[in-house]
Amino acid sequence: MAELVYPPVIGIARTMFKALDLRFDIKGTENVPRRGGAVLVSNHIGYLDFVFCGLTARPAKRLVRFMAKDSVFRHKVSGPLMRAMKHIPVDRAAGMEAYKHALKALRSGEIIGVFPEATISPSFTLKNFKSGAARLAQEAGVPLLPMALWGTQRLWTKGHKRALGRHHFPITMRVGEPMEADPTEPSDTLTERLRGRVQELLEAAQRAYPVRPKGPDDTWWVPAHLGGTAPAPADALALDRRG
């Protein structure tokens with residue numbers, strides 16, 4: 001079927017990024033397969049991450065179908081758009097339906113996007129990964145495609161106001177080589193290997209990031225272990241549990 005909504009939405013996003021004068025540094029797009037299924041896996045630090053992750057597949061002329069919480073699909077504006085772009089709603093209380101939907105899409109040759117931390121990380125460090133991405137890749141017989149992004153938290157993230165003005169923010173993205181998802185490997189072991197690879201890519205993206213905080217009031221977007229004032233992972237976990 002013709003893609004009547006997704007390409008125009010991408011065009012709108014690119015126009016918005018140009019208006020914001022975002023500075024992109026993207027490496028590894030050649031690792032995105034030009035055909036066949038794959039599970040794209042990324043860290044999650046901002047509300048617009050799915051848009052940026054999707055951009056990495058454009059050189060390969062691929063569209064990524066993201067798994068997202070079902071509340072996004074109930075919104076009167078985002079809901080119709082998400083459904084028209086064939087993204088997959090996830091009911092966290094009953095996730096098997098979404099899993100089956102994603103599995104079918106993978107077997108039909110789609111790229112499925114997953115944020116295995118499940119929610120935005122307030123510490124901007126990697127949380128524990130859920131095993132769903134690994135299990136999907138193993139069952140569908142497709143590779144895992146690890147990636148990491150950095151800088152998107154400065155635009156719009158949990159607990160901070162949107163900064164969608166012309167701030168010239170750099171956005172750094174790194175896509176790693178596909179990982180084989182051997183069905184004989186325990187999914188938990190594969191998940192830990194996947195997390196380790198995303199961690200390597202995240203550190204590479206952070207090292208390549210061209211700017212540092214402008215002053216004491218601009219350190220919130222930098223993790224504590226890198227000298228910033230983002231909450232440490234243990235404190236961020238407590239914030240998550242409080243909602």
Take Ser71 and tell me if it is of a type in the set (S, T, N, Q) and under 20 Å from Arg14 (Cα atoms). no
As an exercise: evaluate Ser108 against (1) of a type in the set (S, T, N, Q); (2) under 23 Å from Arg34 (Cα atoms); (3) surrounded by 16 or more Cβ atoms within 10 Å (Cβ to Cβ) and give the number of the one condition it does not meet. (3)
Can you find even one residue in region 100-115 that is polar (S, T, N, Q), closer than 19 Å to Ala57 by Cβ and at pLDDT 95 or above? yes
Among (1) surrounded by fewer than 19 Cβ atoms within 10 Å (Cβ to Cβ); (2) farther than 19 Å from Thr56 by Cα; (3) over 18 Å from the mean Cα position of the chain (by Cα); (4) not charged (D, E, K, R), the one test that Leu190 misses: (1)
Checked region 47-75 for anything in contact with a Gly (Cβ under 7 Å, 6 or more places away or on another chain) and acidic (Asp, Glu); matches are none
Residue under evaluation Val175, criteria (1) surrounded by fewer than 16 Cβ atoms within 10 Å (Cβ to Cβ); (2) under 16 Å from the mean Cα position of the chain (by Cα), criterion not met: (1)
Please tell me if Pro213 is in a loop (DSSP other than H, G, I, E, B) and open to solvent by less than 70 Å² (accessible area, probe 1.4 Å). yes
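Would you be able to say whether some residue in region 56-70 is modelled with pLDDT under 95 and over 21 Å from Asn43 (Cβ atoms)?
Yes, that holds for at least one residue.
Applying the selection to region 119-154, what residues are of a type in the set (S, T, N, Q) and either open to solvent by 10 Å² or more (accessible area, probe 1.4 Å) or part of a strand (DSSP E or B) (or both)?
Looking only at region 119-154, we keep the residues that are of a type in the set (S, T, N, Q), and these are 119, 121, 123, 125, 128, 131, 138, 152-153.
Passing the criteria: Thr119, Thr125, Asn128, Ser131, Gln138.
The values are calculated or read from the model by the stated rules, or taken from the named source; none is laboratory data. On a predicted model such as this, the values are computed, not experimentally measured, just so you know. Glycine gets a Cβ as well: all are built from the backbone with ideal geometry, and neighbour counts include every protein chain shown. To get the accessible areas, we keep the full protein, side chains included, count just its heavy atoms, and leave off ligands, DNA and RNA. Shrake-Rupley method; radii C 1.70, N 1.55, O 1.52, S 1.80 Å.
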